[in-house]
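The values are calculated or read from the model by the stated rules, or taken from the named source; none is laboratory data. Quick caveat: nothing in here was measured; it's all calculated off a predicted structure. With ideal geometry, Cβ positions are generated from the backbone for all residues, glycine too; neighbour counts draw on all protein chains shown.
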Amino acid sequence: MTFKQILAILLGLGFVVLTALQYRRPDAIIWITVYLTVAIFSFMVFLDKIGRALLLLAFAAYTAAAFYFWPIQQGEPVLASIEVMQANGVPDAGSLAVAGIAMLVFALLTKRKIDLHPPHIPGRLKKWAN
């Protein structure tokens, strides 16, 4: 197993656990979807069934969401905002940042490009040139 596959399995299992912990939240369906998507992408990276473009798109989405949910107050340094985040029980921005970084690492390690068409059409035989 390569480093990419080990990292994909560990992150996939970690985000499955995070998904399971979201069931008591009032907005559980949103966060279950967000974390389960990261887990599915991680397992697809393990199987090498996802392209680099989709991973870069996921990186952009998760990074933007992490910045949106990051609880920075006016005039406060970033390290102090981490303490505020932990005190308020808001783990969302941190886990979204981890998801974004994971998608970037997977995109950098993935050599697969998007294949829109299979190499040949199943059931269709090539004709021989005479």
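For this structure, a couple of remarks:
- Criterion (in a helix (DSSP H, G or I) and either surrounded by fewer than 16 Cβ atoms within 10 Å (Cβ to Cβ) or touching a Cys at 6+ places or on another chain (Cβ under 8 Å) (or both)) met by exactly one of Tyr35, Tyr68: Tyr68
- Some residue of region 76-93 being at pLDDT 60 or above and in a helix (DSSP H, G or I): yes
- Applying the criterion of being among the hydrophobic types (A, V, I, L, M, F, W, C) and outside any helix (DSSP H, G or I) to the residues of region 1-32, the residue that is farthest from Ala97 (Cα to Cα) is Met1.
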